[in-house]
Amino acid sequence: MPDRSVADSFLRLVDLMARLRGPDGCPWDREQTPESLRPYVIEEAYEVLEAIERGDPDALRDELGDLLLQVVFQAELASEAGRFTIADVASAVIEKLVRRHPHVFGEVEVRDADEVMRNWRRIKAEERHARGGEHDPLASVPAALPALARAQQLGDKARQLGFDWPDMAGVLTKLREEQAELEAAVASGDRAAATHELGDVLLTLTSLARHLDVPAEMALRDAANRFVTRARRVEAAARARGAALTDLGPDERDRLWALAKHEDDAGPV
């Protein structure tokens, strides 16, 4: 069983949030609504992700606390409106975890993680049907997801409807086709067509990521992080020569970039 201090700390947080929202609480907290807090939910989730990527346990602890605060804050607002309480939130997720892990809490046997995920998807579909939800699996993908993550999830759901390539070779063929259409649109000077074709290329890349079993959103984040690291190295190398990066010629910038790339332990782009 968890240490009693876990429950005590959580209950203290819940009580603290109620006090902040109370008549003698904080004016700012009292003004908030579920809608006004939306940006903070997203911001805190990304700060948790950043702390994980940095491998910083102290920062991760703090950022998880900030994210937990958003959960408690939203639950407090719902409780005040008579919709549900933080206890209802906890009970719902407990019931869901038990229901979706019949191989742990029931008699179901599974061979591997893939079978666990197949069962998970089946149980989710059954839950949606029991609630009178749509049978369309695409309806379960949140529209608020970052575009790459949403596109990849939509592709995974579409696969359940039979819309998918049988293997990675088919995706690569489609990618080359979309690239050719993008190049033609760019060459024509048609900005609207180029934007359309660029979207198709990006969508196809998320299908490739799915076949590679790689999260497209994370792959792009990692690439962006590598770019930042290399760009800073190049800028520092230019400063060491007593020059601004913009003062260097293209060949010298390319040479410094190649050196920075060579130093990157993460491997080639």
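The values are calculated or read from the model by the stated rules, or taken from the named source; none is laboratory data. Quick caveat: nothing in here was measured; it's all calculated off a predicted structure. Counting neighbours? That spans all protein chains shown, and the Cβs are built from the backbone with ideal geometry, glycine included. Quick note on the areas: whole protein, heavy atoms, side chains included, nothing else; ligands and nucleic acids left out. Shrake-Rupley method; radii C 1.70, N 1.55, O 1.52, S 1.80 Å.
If I filter region 32-48 for residues that are over 30 Å from A125 (Cβ atoms), open to solvent by 60 Å² or more (accessible area, probe 1.4 Å) and β-branched (V, I, T), do I get at least one hit? No: zero hits.
Between E76, E80, the distinction of being modelled with pLDDT of 95 or more and either open to solvent by 50 Å² or more (accessible area, probe 1.4 Å) or β-branched (V, I, T) (or both) belongs to E80 only. K124 passes every criterion in (1) among the basic types (K, R); (2) without any contact (Cβ under 8 Å) to a residue 12 or more places away in the chain; (3) under 30 Å from E76 (Cα atoms) apart from (2). Taking region 106-140 as the range and being outside any helix (DSSP H, G or I), at pLDDT 85 or above and exposed (fewer than 15 other Cβ atoms within 10 Å of the Cβ) as the test, the residues that pass are G106, E107, V108, E109, R111, D112. Each residue in region 141-173 was checked for being open to solvent by 40 Å² or more (accessible area, probe 1.4 Å), of a type in the set (G, A, S) and in a helix (DSSP H, G or I), and 2 of them qualify. Applying the selection to region 215-269, what residues are at pLDDT below 85, under 25 Å from I52 (Cβ atoms) and not charged (D, E, K, R)? If the condition is that a residue be at pLDDT below 85, under 25 Å from I52 (Cβ atoms) and not charged (D, E, K, R), then A266, G267, P268, V269 are the ones that fit. Screening V71, V98 for residues that are without any contact (Cβ under 8 Å) to a residue 12 or more places away in the chain, open to solvent by 50 Å² or more (accessible area, probe 1.4 Å), aliphatic (A, V, I, L, M) and assigned to a helix (DSSP H, G or I) leaves exactly one candidate, V98.
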